[in-house]
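The values are calculated or read from the model by the stated rules, or taken from the named source; none is laboratory data. Since the structure is predicted, the reported quantities are computational estimates derived from the model, not experimental observations. Here the Cβ positions follow ideal geometry from the backbone for every residue, glycine too, while neighbour counts run over all protein chains shown.
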Amino acid sequence: MRGVGRRSFVRGAAAALCLGLAAAPVSVIAQDARPIRIVVPAPPGGNLDATARMLAHRLTLLTGEPHVVDNRPGASTQIGTELVVRAPADGRVMLYHGTSVVFMSLLQKVGFSPLQDLAPVIQVSRESYVLAAGTGGPGSIEDLEAQAAARPGGLNCVTPPGATELACQQLKARLGGQLTVVPFPGVAPALNALVAGWGDVMFVNAAAAAKLVENGRIRVLAVSSRMALPAAAAQAPLLSQRWPGFLLEGHSGLFVPARTPQARIRQLNADVARILADPEVGGAMREGGQEVAGGSTRQFDQVLRRAHQRYGEIIRSLDLAVK
């Protein structure tokens with residue numbers, strides 16, 4: 001009898017345990033120990049990387065789950081972007097990308113469509129840029145145009161991948177082809193080349209240029225907007241005023257694979273929006289030359305589609321579209 005009672009007790013306990021497990025939240029049963037990755041398709045040291053690291057740190061504090069930045073540069077941001085496109089659609093792998101995500105498939109052959117295979121989560125920032133030159137380079141737009149016309153082979157425009165590379169292509173067209181676009185893997189090496197005199201001009205985030213401008217190591221020839229400019233650039237002409245139709249818009253945002261559940265996307269949007277509303281975060285981003293954006297997923301999608309259309313027109317007018 002005692003043996004039967006013991007067996008009955010064990011069976012009852014096992015049944016209760018199973019019922020308890022069935023009622024427990026999934027997160028308790030299968031807690032994912034993997035960190036959530038924010039993939040940055042650029043090397044460490046640039047503005048994209050710095051903002052991604054701030055977001056990773058704040059998301060870790062907010063959610064209690066570890067978030068890490070995974071730098072995957074290469075192939076004009078294609079490597080990191082495709083990694084996220086092919087990732088499981090569970091919201092544990094995100095992409096933090098800049099403006100070029102809307103036109104990368106127009107400039108190179110890729111096995112995916114960024115606007116179809118990625119789902120926008122939230123726009124994080126808007127950015128302002130300057131056209132800068134080294135101390136031995138042109139001192140004004142007029143000097144730039146004159147030097148390009150007079151120098152055999154024209155000038156060099158150093159650039160990381162992205163919207164600034166396309167700005168160099170627009171500048172080349174404005175200078176009648178008297179300019180060579182020199183690609184670099186990231187912002188830091190391109191800036192180093194400009195300061196060292198290996199490049200003549202560069203389009204660069206306003207904040208990234210600020211200290212170099214203040215120290216007299218580079219000078220500003222023109223600006224993309226009046227937002228978050230160093231004092232030394234306050235009187236510089238607008239690119240669009242000097243060259244009507246010149247396009248250099250900057251933004252950054254978070255994406256996930258397109259099949260990610262909407263509930264997860266809404267949660268990510270809410271978490272990041274909460275972080276961006278923190279005045280300390282806003283101050284840090286302004287120091288980095290960024291204006292906090294935020295907003296809904298739908299608003300970000302509209303920004304992306306409008307930029308895709310405008311940059312598409314520029315790319316086709318310059319005959320740069322991949323055949």
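Quick one: which residue in Leu320, Leu254, Leu304 is closer than 25 Å to Glu82 by Cβ, surrounded by fewer than 19 Cβ atoms within 10 Å (Cβ to Cβ) and either modelled with pLDDT of 90 or more or not assigned by TED's automatic domain parsing to the domain that holds Ala208 (or both)?
On the way: Leu254 fails: surrounded by fewer than 19 Cβ atoms within 10 Å (Cβ to Cβ); Leu304 fails: surrounded by fewer than 19 Cβ atoms within 10 Å (Cβ to Cβ).
Answer to the selection: Leu320.
Collect the residues in the stretch 277-323 that are part of a loop (DSSP other than H, G, I, E, B), under 23 Å from Asn47 (Cβ atoms) and not small (Gly, Ala, Ser), keeping them in residue-number order. Don't jump to the end; show me each part of the working.
From the stretch 277-323, those part of a loop (DSSP other than H, G, I, E, B) are 277-278, 288-289, 293-296, 318-323; that's our starting set.
Of the ones still in play, those that are also under 23 Å from Asn47 (Cβ atoms) are 277-278, 288-289, 293-295.
Scanning the stretch 277-323 gives a single hit, Asp278.
For the stretch 36-88, the tally of residues that are under 25 Å from Gly111 (Cα atoms) and surrounded by fewer than 15 Cβ atoms within 10 Å (Cβ to Cβ) stands at 4. Being outside any helix (DSSP H, G or I) and under 22 Å from the mean Cα position of the chain (by Cα) is not true of Pro152.
Filtering the stretch 94-112 for residues that are modelled with pLDDT of 95 or more, assigned to a helix (DSSP H, G or I) and either in contact with an Asp or Glu (Cβ under 6 Å, 6 or more places away or on another chain) or within 18 Å of Arg264 (Cβ to Cβ) (or both) leaves an empty set. When Ala87 is tested against (1) in a loop (DSSP other than H, G, I, E, B); (2) in contact with an Asp or Glu (Cβ under 9 Å, 6 or more places away or on another chain), just one condition goes unmet, and that condition is (2).
Per-residue answers, yes or no, for (1) farther than 22 Å from Asn47 by Cβ; (2) outside any strand (DSSP E or B); (3) among the charged types (D, E, K, R); (4) under 20 Å from the mean Cα position of the chain (by Cα):
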position: Met202; (1), (2), (3), (4): no, no, no, yes
position: Ala207; (1), (2), (3), (4): no, yes, no, yes
position: Val213; (1), (2), (3), (4): no, yes, no, no
position: Arg219; (1), (2), (3), (4): no, no, yes, no
position: Ala263; (1), (2), (3), (4): yes, yes, no, no
position: Gln267; (1), (2), (3), (4): yes, yes, no, no
position: Asp271; (1), (2), (3), (4): no, yes, yes, yes
position: Ile275; (1), (2), (3), (4): no, yes, no, yes
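Scanning the stretch 228-248 for residues that are modelled with pLDDT under 85 and part of a helix (DSSP H, G or I) yields Ala231, Ala232, Ala233.
Screening Val182 on (1) in contact (Cβ under 8 Å) with a residue 60 or more places away in the chain; (2) assigned to a strand (DSSP E or B); (3) more than 20 Å from Glu142 (Cα to Cα) shows it passes everything except condition (1). For Thr77, work out the one condition from (1) at pLDDT 95 or above; (2) touching a Ser or Thr at 6+ places or on another chain (Cβ under 8 Å) it doesn't fulfil. Failed condition: (1). Here Val204 fulfils each of the conditions (1) in contact (Cβ under 8 Å) with a residue 40 or more places away in the chain; (2) crowded, with 21+ Cβ neighbours inside 10 Å; (3) more than 30 Å from Ile122 (Cβ to Cβ) apart from (3). Has the stretch 39-56 got at least one residue that is out of contact with any Cys (no Cβ under 9 Å at 6 or more places or on another chain), of a type in the set (A, V, I, L, M, F, W, C), in a strand (DSSP E or B) and at pLDDT 95 or above? For the stretch 39-56, residues out of contact with any Cys (no Cβ under 9 Å at 6 or more places or on another chain), of a type in the set (A, V, I, L, M, F, W, C), in a strand (DSSP E or B) and at pLDDT 95 or above: present. For beta carbons closer than 6 Å, sequence separation of 6+ or different chains, a first residue in the stretch 149-172 that is within 19 Å of Pro189 (Cβ to Cβ) and a second that is in a helix (DSSP H, G or I) and acidic (Asp, Glu), the qualifying pairs are Thr159/Glu165.
Across the stretch 62-93, what is the number of residues that are among the small types (Gly, Ala, Ser) and closer than 14 Å to Leu268 by Cα?
From the stretch 62-93, those among the small types (Gly, Ala, Ser) are 64, 74-76, 80, 87, 89, 91; that's our starting set.
Checking the rest, the ones that are also closer than 14 Å to Leu268 by Cα come to 64, 89, 91.
Selection size over the stretch 62-93: 3.
Only residues that are part of a helix (DSSP H, G or I) and either acidic (Asp, Glu) or closer than 23 Å to Thr99 by Cβ (or both): list them for the stretch 59-84, please.
In the first step, residues of the stretch 59-84 are kept if they are part of a helix (DSSP H, G or I); the result is 59-63, 78-84.
Selection gives Leu59, Gln78, Ile79, Gly80, Thr81, Glu82, Leu83, Val84.
For the stretch 113-128, filtered to residues that are outside any loop (DSSP other than H, G, I, E, B) and not aliphatic (A, V, I, L, M), the residue that is surrounded by the most Cβ atoms within 10 Å (Cβ to Cβ) is Glu127.
Taking the criterion of being in a loop (DSSP other than H, G, I, E, B) and surrounded by 19 or more Cβ atoms within 10 Å (Cβ to Cβ), the residues of the stretch 187-200 that qualify are Gly199, Asp200.
Pairs linking a residue in the stretch 86-98 that is under 16 Å from Thr63 (Cα atoms) to a residue that is at pLDDT below 95 and not basic (Lys, Arg), with Cβ atoms under 8 Å and 6 or more positions apart or on different chains, are Arg92/Asp32.
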